[in-house]
Ligand code: BEZ
């Protein structure tokens, strides 16, 4: 290590408890693997300080303040929930601390509330769901009933799906939002879907809620008559085997599946499985790419908050998802979307890619990107 070695303090803000705890753990596992793989020859050391958001926006805001003001981190990474991202956005932007978003899809953070300090290595809610609306209409599905948890991500994912689906001629025949983190019994909502006259159901659920939802959808007896579609977090490889046969045949859209065929993905999947015993999920790759983006920014000469923010926006590399680049207009990540079906494989459930939808930049959604001005 050269004498000028930098010590970069990283605040890792993730849910380690609550409905998204498994997602936080998977992001962290990917992040650590990325730091090990890419950081070794960077000449820098990375000190990681982890804080639990508990998937609660006020708690997360307190933890973000602690990382920024007390620990004086150079950069923050993480955030799973769109609600948490919405809560910490002003603090991060105002303090001028670069934040690499490793999951939360909140469209506002790369839209009306965009910031040169906020860069995404994950996805936006609109990006995943809008093209799936058009694809599903193209399959001849005409009438859809939608369901999602009642918070920013659920609302934005369903809005984007609805935009894509109705523009392609589809009709939304009913829509319900379920209390986030509080709904145990989806039965009353499933009864409404069944009575709605829909040809299919489209949902967003993730983590613990996805497991309950997919199992209840099957045991309610809906799967045969009313095919289930959604944003691909629904059947993530992280928890699809906990859903079991109930997940078979469900078709969803996502920016990463472990069955993508390229050399980077093969190497990543091998290393991630060796480290964790699991197949990598979208959460794992987001953590891995977040670490890689950070290391690349440091290798490009960035050392403090402002130079890191500027360098992060210019990061570009070929990763397990293919060629990644940041859209300079919004700081969202440009990437293709995969439509996949969950099917039985040799060792449990796996992801069969049905279609690759081309990378499309999100609309500006009110983003007028300011320059990095503080020092
Ligand atoms: C979100 O809140 O943005 C989110 C949470 C879990 C999976 C995907 C998105």
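Here is how the numbers come out for the structure above:
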read-out	value
Net lengthening on full extension, residue 341/residue 371 (0.36 nm per residue, minus Cα-Cα)	6.6 nm
Coordinate range along principal axes, alpha carbons of segment 28-176, Å, largest first	55, 34, 25
Residue 278-residue 143 pseudo-label distance in nm [points 7 Å out on the Cα-to-Cβ vector]	4.0 nm
Cβ-derived FRET efficiency at R0 56 Å, residue 191 paired with residue 262, nearest 0.05	0.80
For segment 307-375 versus segment 37-63, the gap between their alpha-carbon centres in whole angstrom	21 Å
Ranked list, fewest to most other Cβ atoms within 10 Å of each Cβ, for 93, 255	93, 255
Burial ordering of 278, 130, fewest other beta-carbon atoms within 10 Å first	278, 130
On Cα atoms only, tilt of 282-299 relative to the major axis of the chain in degrees	20 degrees
Acute angle (nearest 10 degrees) that the helix 263-276 long axis makes with the longest principal axis of the chain, alpha-carbon atoms	90 degrees
Cα gyration tensor of the chain - equivalent ellipsoid semi-axes, whole Å, descending	34, 21, 19
Centroid-to-centroid separation of segment 226-244 and segment 166-215 [C-alpha atoms, Å]	13 Å
Mean separation of Cα contacts under 8 Å (6+ apart) over length of segment 237-339, as relative contact order %	31 percent
Stretch gain in nm, segment residue 303-residue 318, where the contour uses 0.36 nm per residue and the Cα spacing is subtracted	3.1 nm
Percentage relative contact order, the chain, counting C-alpha pairs under 8 Å, at least six apart	20 percent
Angle in degrees between helix 82-95 and the longest Cα principal axis of the chain, rounded to the nearest 10	20 degrees
Ranked 177, 165, criterion: other C-beta atoms within 10 Å, fewest first	177, 165
Rounded to 5, the percent of DSSP beta bridges in the chain classed as antiparallel	35 percent
Spin-label proximity, residue 69 to segment 294-331 - amide N less than 20 Å from point 7 Å beyond Cα toward beta carbon	305
Top of 277, 154, 207 by mean-square fluctuation, Gaussian network on the chain, Cα under 10 Å	277
222 nm mean residue ellipticity, helices alone, for the chain (DSSP H n ≥ 4; -39,500 (n - 2.57); rounded to 500)	-11500 deg cm²/dmol
Relative contact order of segment 1-158, pairs being alpha-carbon contacts under 8 Å that are 6 or more residues apart, as %	20 percent
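A short reminder: the numbers here are calculations on the coordinates, not readings from a lab. Keep in mind the model is a prediction, meaning the values are calculated, not measured. All Cβ positions, glycine included, derive from the backbone under ideal geometry; neighbour counts span all protein chains shown.
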